[in-house]
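Below is one structure, written out as structure tokens, with a few remarks after it.
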Amino acid sequence: MPAYETAPDKKESEKPRSVQAWLWSEFKFFAKLGVFILAFITLVWGHFKIPSESMQPTLEVGDHLYVSKYAYGYSKHSLPYLLHKLPLPEGRILSRLPIRGDVVVFRNPNSGIIMIKRVVGLPGDRIQIRNGQLFLNEQPIARSRIDGRLYREHATQRVRSVNVYGQSLPGMEHGFVIYERDDSHRLDNTPSFIVPDNSLFFMGDNRDNSVDSRDPENGPGIVHMDYVMGRADRIMFSFKRCNRNEDLYCPPKGRVMKKL
């Protein structure tokens, strides 16, 4: 009689993988996913949340931002979490200067805290504040009063009264709105600052409630480009809430994917 090969039993040929093989497969998948996410939030996109009123009324407490990581190039401070503390070289690759008026996320070179402010001065600029008036290269930057406003501070719950002004910087396509309590705040009269090469001068839009480049002792001072992390492009969404029955200012509704 002719000999025939016996087909292997289906159950024997499809034996389940061992637990170790399954775990190794899952580990490789999540490792690849982690590398992709790390690369994405380092090179492309960053998510930041606003903790204070220093950039009101442009940004409110609780706003969640989309930040472009590639807008100005990369340094070790572009890395998320605590990875900037790794022994990496200083410097910046694909470096590009911001435009005056850009809202920028950077790391405070003195404290290491992540901050967000508006670029007011570029390399070579001379900046000074006189009686609340911003001077750029000896020229006053006009501001036009819009109205007065009351708002409640998130941390202290105190009600603040501010004057609301519109302002624009040279080179900007659109203006922005700033708050001023008065023109006699401690940072409303400053010495003249000259911005060094590859550095930036920052100010908050809530001028009398912002620690920024005007205050080199307590704030970040003039910031080198190496500490820049990215450009704030959009408000993705906001958890800002306030009581609209108190006659206090409340940010407009619909702050979702709002372009800055």
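What follows is calculated from the coordinates using simple rules that are stated; it is not laboratory data. Quick caveat: nothing in here was measured; it's all calculated off a predicted structure.
Which whole number in µm²/s is D for region 198-247 by Stokes-Einstein, with the Kirkwood Rh taken over Cα pairs at 25 °C and 0.890 mPa s?
Numbers: Rh = 13.7 Å.
Translational diffusion coefficient: 179 µm²/s.
Taking Rh as the Kirkwood radius computed over C-alpha pairs, what is the Stokes-Einstein D of region 154-223 at 20 °C in a medium of viscosity 1.002 mPa s, expressed in µm² per second?
Values: Rh = 13.8 Å.
The calculation lands on 156 µm²/s.
In the calculated pair-distance distribution of region 20-259, the portion above 29 angstrom amounts to 33 percent of the Cα-Cα pairs.
Can you give the alpha-carbon Rg of region 103-225 over 2.2 N^0.38 Å, where N counts its residues? Walk me through the intermediate numbers first.
Working: Rg = 14.2 Å, N = 123, 2.2 N^0.38 = 13.7 Å.
Expressed relative to 2.2 N^0.38 Å, the Cα Rg reads 1.04.
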